[in-house]
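Data first, discussion second: the structure below is written as structure tokens.
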Amino acid sequence: MAEALAGFRPARRTAVEDVPLADALHRVPAKAVPAAAPLPGFARSTVDGYAVRAADTYGASEALPSYLDVLGAVLMGAAPDVAVRSGGAVGMPTGGVLPDGADSVVMVEHTAETMPGTIEVTRPVAPGSGVVRADEDVAAGAALVPAGRPLRAPDLGLLAAAGVTTVQVHARPRVVILSTGDEVVPPDTATLRPGQVRDATASALAGLVRDAGGDPVIAGIVSDEPGALEARLREVLPGADLVVVSAGSSVGARDETAGAVAALGDVWCHGLAIKPGKPTLLAECSGVPVAGLPGNPLSALVVFRLVGVPLVWRLAGCDTPPPEPSTRARLTRDLPSAAGRLDVVQVTLQDGLAEPIFGPSALLSILARADGYLVVPEPATGLDAGREVEITLYR
């Protein structure tokens, strides 16, 4: 499976658009954003205290303090109107501009006012202590944020600090979701006839697409009639960045999906060594990647999380999807597996223990109950009870 996924690397990327900073969270910059000027732009204090020349504090201790004359104080948001000379000190607030002549700031906790206009320093400081250089946060010309990595909250703060109010990012990938099968009916169907099932997969897939920064489009249900899926694919491909087909449960429905996709493009693979999710199809039609998923909801969602979500991020210009939260836990029981197949096992977590949940791939409730999942590697023939494993957590 790993080789199949590594080789399926569609070249398609979404268009680039300008978005205001307020709307840029989790969007992917199309190019690095350079700093027009250094940050913070001036040497500033990181503590409340006194700006000094470090040499004037050497050897200072509580038993033998250094005595310095207070020459004035720096006000927040204003340039200093006093310089530091040898034997002198200037009062400093956190974030204040370092006055000329000073090379460090001694914390107020290490000083005491012995008499008006004089302080004693009880601990020495080194040059640069308690100070941030003018370009220590970001140097002029350096990248504030890189291309290809989703923007996080601190990135937005750094861009704002640099005066950047709009960012060039990739548009959200438009992911068209098609459901197939004569047995599948819309979720708002009030009464089911025998053999009918409401379309649960499309809504859940749309949620995964949104989590990955995509724009899901639920495009309805296609019947198993020969030629119907091919015709529908021709309609939706021009407006899609990715097409996801949730195939019907029957072998015939899966064959119909493979045939329709093959008629319009190139099939990369049909079948992955993964459980659940073996009948997965990956293809490219007119430059648009297409993912054909199993009909059972659990299988479809498991495989889309592993295969489809990275595709959505890649289309948005991010080759390495942001890592999902994870934790370590110990298995409560043995997990058998077949070598050469990737097994994805749903688990519940409690008190550092991972309890596997088993059941047919048609049971969506298994995913709803799970706190996360573990992956049994392809070479493994199983995992022993008591073994510590990595659990990927659902958010």
Counting DSSP beta bridges with both ends in region 173-290, the antiparallel % (nearest 5): 35
Positive-end residue, region 155-297 charge dipole about Cα centroid, Cβ charges, pick of SER286, SER203, THR257: SER203
Per residue accessible area in Å² of region 26-101, where ligands, DNA and RNA are left out and the probe is 1.4 Å: 49
Total charge dipole magnitude, the chain, about the Cα centre, Cβ charges on Lys, Arg, Asp, Glu only, Debye to nearest 20: 740
Cα-projected label distance for ALA32 with THR114, points at 7 Å along beta-carbon direction, nm: 5.2
Mean ellipticity per residue at 222 nm, deg cm²/dmol - from DSSP H runs of n ≥ 4 across the chain, formula -39500 (n - 2.57): -4500 deg cm²/dmol
Gain upon complete extension [THR320, TYR67; 0.36 nm per residue less C-alpha separation]: 85.4 nm
Sites GLU355 and THR191 - FRET efficiency at Förster radius 45 Å, r taken between beta-carbons, to 0.05: 0.75
Cα-projected label distance for THR332 with ARG152, points at 7 Å along beta-carbon direction, nm: 3.3
Carbon + sulfur, % of accessible area of region 1-130 - ligands and nucleic acids excluded, 1.4 Å: 56
Surface accessible to a 1.4 Å probe, per residue, for the residues of region 260-395, Å²: 44
Residue (of LEU242, ALA362, VAL82) at the positive-pole extreme of the chain, dipole from beta-carbon charges: ALA362
Within the accessible area of region 172-264 (1.4 Å probe), percent carbon and sulfur: 51
Alpha-carbon centroid distance for the pair region 2-70 / region 87-117, whole angstrom: 25
Net dipole in debye of region 246-351 [+1 Lys, Arg Cβ; -1 Asp, Glu Cβ; about Cα centre; nearest 20]: 340
Separation in nanometres of the label points that stand 7 Å from Cα toward Cβ, at ASP100 and ALA6: 6.1
The chain: most fluctuating residue of VAL312, VAL302, VAL138 per GNM, C-alpha cutoff 10 Å: VAL138
Listed residues THR320, THR94, THR348, most fluctuating in the chain (Gaussian network, C-alpha, under 10 Å): THR94
Percent accessible area from carbon and sulfur atoms, region 295-395, protein chains only, probe 1.4 Å: 51
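The values are calculated or read from the model by the stated rules, or taken from the named source; none is laboratory data. Small disclaimer: the values here were computed from a predicted structure and weren't measured. We place every Cβ from the backbone using ideal geometry, glycine too, and count neighbours over all the protein chains shown. Each accessible area value is taken on the protein alone, full model and side chains, heavy atoms only, with ligands, DNA and RNA left out. Shrake-Rupley method; radii C 1.70, N 1.55, O 1.52, S 1.80 Å.
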